[in-house]
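Trainee: Here it is: the structure, laid out below.
The values are calculated or read from the model by the stated rules, or taken from the named source; none is laboratory data. Predicted model only: the values in this text are computed from it and were never measured. FYI the Cβ positions are ideal-geometry reconstructions off the backbone, even for glycines, and counts take in every protein chain you see.
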Amino acid sequence: MSGLEGRNCSIWICTTPTEQECLERSLFGASDALYGREKTKKGDVCFLYNIRENRLWGVFEAVSDPDWDLDPQAWEGKFRYQIRVRLVGDLQRIEHASGVLEEVGLKMARTRFGELVPRFSVFGPSITRQLLARFSPVADALSQVGSSESDGSREVLIYKPERGFKSVAGLEEVKRFIRERMVEPFLYPAIARAYRLRAGGGLLLYGPPGTGKTLIAQATANEIDAEFLRITPSVVRGFPGEPERHLELLFQEAMRKPRCVIFIDEADALLAKRENIASSTVMQRVVPTLLSLFTNVADNRAPVLIIAATNSPWDIDEAFLRPGRLDLRLEVPLPDLPARVELLGLKLAGRPLGEDLRDRGNLLKLAERLEGWSGADIELLVDRVALEVSRVQIEVDPEVGKDPLEEVDSERLLPITLADLEDGLRKGLAAPSVSRAQLDRLREWSAQWSG
């Protein structure tokens, strides 16, 4: 059980008509009304709860973060907020599950149809351990799947992203460059062979925080139907020698795939200049290991794209920027005006909106006021304004939405309006997070190293 101590669990609700599809597709879904309740992460333990038959299915492991429309055909499009899972061990079930859930300490609520459902959806490790004890044969198997926090593998789970370049607002030049230099050699292998083009390589995405570097890397993997392996600085945890061995195994696994994108997040921490890591014996071993692994991928002409992302490219060791490693370098800038309009539309989509926010001209006027804002800044503004409107909604109609499974009648909801967003700007609910000094330093580095 020690391998489970750091893991949360979540309970996903289904009914008898949707139960079989959830199990067959290895996909759990929630209605739009429940968006925001589910905070499951990749590697967490998941259970499927049929509220009509009062039974709990287990045990599953999340192999993606929750997202929209991972499989648009599932459940006839009724449950768009989805997470991919994999079964661990044999499929098992618990009958009379509501009593079991109450016994382990879950707070339950009753729907308007009389079913008992958990008031919340995600629970800490203590609940995980108690529920797994009801599926005791699974405990040993689950501890062997390699997703406990002790070895950092939760941060490097391999999966296939579901969203391509269409989900990336703006950045047309960046997408065009990636498509021409990195995607097309995979899509047209015969042409690539004829012209001796390399289907793989290394790319450094750099720019201010919140501009979509991670999303671009995921979309690139989607465009070539590649598996996506994300490595974060947590990979260096462990006893001496473990981080290097772990990295070598990860790269070996990626090179065995038909196509794979290795994404190195916060690259300035893992690819750090050696003069900056003199006090870290771990990093003194990790940096040379990564340099060797980069070279190995290039020498073997493996179908692997290495994409690194950073807000501080000047902290990356220059050895990683040489030909054969991260020899392509692209700045991911703050969104321009058309991109800000597109971002506003994306972030407002799916929320109750006033007619004024359905007018592109009004979005354009608002976007003009958001010059210097990143995509993350714009998302924060929309989220906080939506929160303000939701608070008013609860005050004026406190009975709406109390049933945790109820689909709220849109006619009863207060819409978010242009005036709400303008008021949010006046109140300072969000503000641009990128300083002029950061932008100046990025321009200076870009002038020297831009690919």
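Trainee: Taking the stretch 268-307 on its own, how many of its residues are in contact with a helix residue (DSSP H, G or I) (Cβ under 8 Å, 6 or more places away or on another chain) and outside any loop (DSSP other than H, G, I, E, B)?
Mentor: 23
Trainee: Have a look at Gly207, Gly200 and point out the one that is at positive phi, at pLDDT 90 or above and touching a strand residue (DSSP E or B) at 6+ places or on another chain (Cβ under 7 Å).
Mentor: Values: Gly200 fails: at pLDDT 90 or above.
Going through Gly207, Gly200 in turn, just one is at positive phi, at pLDDT 90 or above and touching a strand residue (DSSP E or B) at 6+ places or on another chain (Cβ under 7 Å): Gly207.
Trainee: Please go through the stretch 61-90 and give me each residue that is of a type outside the set (Asp, Glu), touching a Lys or Arg at 6+ places or on another chain (Cβ under 7 Å) and over 14 Å from Ser121 (Cβ atoms), ordered by number.
Mentor: The answer is Val63, Ser64, Trp68, Leu70, Ala74.
Trainee: A further question on this structure: Restricting to the stretch 180-193, give me the number of residues that are in contact with a helix residue (DSSP H, G or I) (Cβ under 7 Å, 6 or more places away or on another chain) and not β-branched (Val, Ile, Thr). Lay out the reasoning, then the answer.
Mentor: Initial filter on the stretch 180-193 (in contact with a helix residue (DSSP H, G or I) (Cβ under 7 Å, 6 or more places away or on another chain)): 182-183, 185, 192.
Now narrow it down to the ones that are not β-branched (Val, Ile, Thr): 182, 185, 192.
Looking only at that region, the number is 3.
Trainee: Looking at Glu19, Glu95, Glu53, Glu24 in this structure, which one is free of Cβ contacts under 8 Å to residues at least 12 places away in the same chain, surrounded by fewer than 20 Cβ atoms within 10 Å (Cβ to Cβ) and not assigned by TED's automatic domain parsing to the domain that holds Leu215?
Mentor: Result: Glu24 is the single residue among Glu19, Glu95, Glu53, Glu24 that is free of Cβ contacts under 8 Å to residues at least 12 places away in the same chain, surrounded by fewer than 20 Cβ atoms within 10 Å (Cβ to Cβ) and not assigned by TED's automatic domain parsing to the domain that holds Leu215.
Trainee: The conditions are (1) over 23 Å from Leu229 (Cβ atoms); (2) at pLDDT 75 or above; (3) of a type in the set (A, V, I, L, M, F, W, C), and Cys46 fails exactly one of them. Which is it?
Mentor: (1)
Residues checked against (1) touching a Leu at 6+ places or on another chain (Cβ under 6 Å); (2) within 28 Å of Leu344 (Cα to Cα); (3) assigned by TED's automatic domain parsing to the domain that holds Leu370; (4) among the aliphatic types (A, V, I, L, M):
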{"site": "Glu162", "(1), (2), (3), (4)": "yes, yes, no, no"}
{"site": "Ser167", "(1), (2), (3), (4)": "no, yes, no, no"}
{"site": "Leu187", "(1), (2), (3), (4)": "no, no, no, yes"}
{"site": "Ala190", "(1), (2), (3), (4)": "no, no, no, yes"}
{"site": "Tyr195", "(1), (2), (3), (4)": "no, no, no, no"}
{"site": "Ala199", "(1), (2), (3), (4)": "no, no, no, yes"}
{"site": "Gly212", "(1), (2), (3), (4)": "no, yes, no, no"}
{"site": "Thr220", "(1), (2), (3), (4)": "no, yes, no, no"}
{"site": "Ala254", "(1), (2), (3), (4)": "yes, no, no, yes"}
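Trainee: Sort through Val297, Val287 and tell me the only one that's assigned by TED's automatic domain parsing to the domain that holds Asp225 and touching an Asp or Glu at 6+ places or on another chain (Cβ under 9 Å).
Mentor: Going through Val297, Val287 in turn, just one is assigned by TED's automatic domain parsing to the domain that holds Asp225 and touching an Asp or Glu at 6+ places or on another chain (Cβ under 9 Å): Val287.
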